[in-house]
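For reference, the structure is listed below as structure tokens.
Coordinate-derived values only; no laboratory data. Keep in mind the model is a prediction, meaning the values are calculated, not measured. Cβ placement follows ideal geometry from the backbone for every residue including glycine, while neighbour counts extend to all protein chains displayed.
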Amino acid sequence: MLLKELKVTHNKELQCEWNLKDCTFDKINLIVGENATGKSRIISVIKALSDLFSKFDNLRFSDKFDYHVEFEDDKNRKIIYELNYENNKVNCETLQIDKKYYLQRDPSGKGKIRAEALPEDSSSKIKRKLKNFEKGRDIEFEIDKNKISLNAKRDKVQHPFLELLYNWGNDLRFFSFGTFLGKDQVEHFNIYSSNDFKVENMSKDYNNVLKVFRKGFGDYKDDFVNSIKKDMKKINYKLEDIVIDKLTNGFPKGIDIAGIVIKESGLNCQIEQISISQGMFRALSLIIQLNYLKFASNLKKPSNCVLIDDIGEGLDYGRSSSLVNLLINYAKTTNIQLIMTTNDRFIMNNVPLEYWSIIKREGNTSKIYNYRNSNKIFDDFKYTGLNNFDFFSSKYYSKKIFQKG
């Protein structure tokens, strides 16, 4: 399932109000813009939505939020979810599929939801269709005001359509490339079993790389390691070996600490996790985690969204460009939807404009302009002979696009 559009109003009519408009997505997306325009904020909002969809929890924020989210599933159906809440209580929640309401709920906690079938008969174990009313009839419900219906009413038999949003949220992966990405995370050498770790545990924590690598090697052996080495070579990091071993640098004797250890081609010594350069480790961490998803067949699912904030941060031009090309190829050859942010000129020059979404902030509103809503301007720029970064740095987009108002 692909995320297609996102509209947000945060803290409406307050001094800190923020609006996001015209934010549409395709399978491959690169959000570019100046600092403080809202790039990372968009990523944060998408991640927050995934948490709302996949965690059965009370609303925890007193802020005012209005969400309008559109998806397209593998059957090309248009799915629209809307949520308005403030002071930890839902004011309105709706779900539409191809313009038909499947869920409607008001501030009292009361609402209607479409029921598809009765559950199995407990005695005969035979599935029965609805007998007293036609399939798909709405039924009434009432839940706590501080819970969203999407979680509280999950039922694979009666309301299978809710699983679409739950799975999207649960399968989403978020990586903040400008952070350590697990470089500062180690573990005791002998206490961890790869059988204790499940792929679901990595969905929200991009620092899980050590556990992911151990699990991947435990399940897929040398094939897993060789695939990582192949991808690292594509970004000009030539590794002869990647293992988990005891770390010796920086730890007292007698304490067995495990971490990732690599051996680069042309070097006789091994390099322990804490001594790997930050840029190299970020790339390695991302590649390890994406390879695990690939080997675990998660990327074959119809709903996999991968968010990467500040892609390429800390890498040189050649490697950042090669890494982005590698990620784009992942998106092209799997069912992954890729959403990245950057303000790095090297990456902008290397990513085709058709994947760009330019963000511009005007007061309390961030607007997105991309090939889907401004294709003529994007096409015209191709004939200027300038590189992609000039489209951004010369304010060509501002003079041409944003005069539209």
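Fewest to most neighbouring Cβ within 10 Å: what's the order for F25, F389?
F389, F25
Please rank W168, W18, W356, fewest neighbouring Cβ atoms within 10 Å first, as an exposure proxy.
Exposure proxy ranking, most exposed first: W18, W356, W168.
Figure the gain on full extension for C16 and K246 (residue separation times 0.36 nm, minus the Cα-Cα span) and round it to one decimal in nm.
On the way: separation 230, 0.36 × 230 = 82.80 nm, distance 4.91 nm.
77.9 nm is the gain from fully extending C16 to K246.
How would R361, R319, R105 line up from fewest to most surrounding beta-carbon atoms within 10 angstrom?
The order, fewest Cβ neighbours first, is R361, R319, R105.
Pick from G312, G111, G169: which residue has the top mean-square fluctuation in a GNM of the chain where Cα pairs under 10 Å get a spring?
The residue with the greatest mean-square fluctuation here is G111.
Given 37 °C and 0.692 mPa s, compute D for segment 249-386 with the Stokes-Einstein relation, Rh being the Kirkwood radius over Cα pairs; round to the nearest whole µm²/s.
D, rounded to a whole number, is 181 µm²/s.
With helices defined as uninterrupted DSSP H runs, which ones in the chain have an alpha carbon span along their own long axis of at least 15 Å and mean Kyte-Doolittle hydropathy of at least -1.0?
39-54, 209-234, 278-295, 317-333
Can you tell me how much longer the chain between N343 and N375 gets when fully stretched, taken as 0.36 nm per residue apart minus their C-alpha distance, in nm with one decimal?
Once the chain is fully extended between N343 and N375, it gains 9.4 nm.
Helix-only mean residue ellipticity at 222 nm, the chain, DSSP H runs n ≥ 4 weighted -39,500 (n - 2.57), per residue, nearest 500. What is it?
Estimated from H runs of four or more residues: -8500 deg cm²/dmol.
Run the simple label-point estimate for K233 and L267 please: 7 Å along Cα→C-beta, distance reported in nm.
Computed distance between label sites K233 and L267 equals 1.9 nm.
If you take the Cα atoms of the chain, find Rg, then find the Kirkwood Rh from the mean of 1/r over all pairs, what is Rg/Rh?
1.01
Given points 7 Å out from each Cα along the Cα-Cβ axis, report the E86 to N325 separation in nanometres with one decimal.
5.1 nm
At 7 Å along the Cα-to-beta-carbon direction for both E34 and Y101, put a label point, then send me their distance in nm to one decimal.
The modelled label-to-label distance comes out at 4.4 nm.
Would you kindly state how much longer the chain becomes between K75 and S275 on full extension, computed as 0.36 nm times their sequence separation minus their alpha carbon distance, in nm to one decimal?
Details: separation 200, 0.36 × 200 = 72.00 nm, distance 4.80 nm.
Here the answer is 67.2 nm.
First measure r as the distance between the Cβ atoms of R137 and S44, then evaluate 1/(1 + (r/R0)^6) with R0 = 30 Å and state the FRET efficiency to the nearest 0.05.
Between R137 and S44 the formula returns 0.20.
Kindly work out what percent of the DSSP beta bridges joining two residues of the chain are antiparallel, to the nearest 5.
Values: 61 of 81 bridges.
Roughly 75 percent of the beta bridges in the chain run antiparallel, per DSSP.
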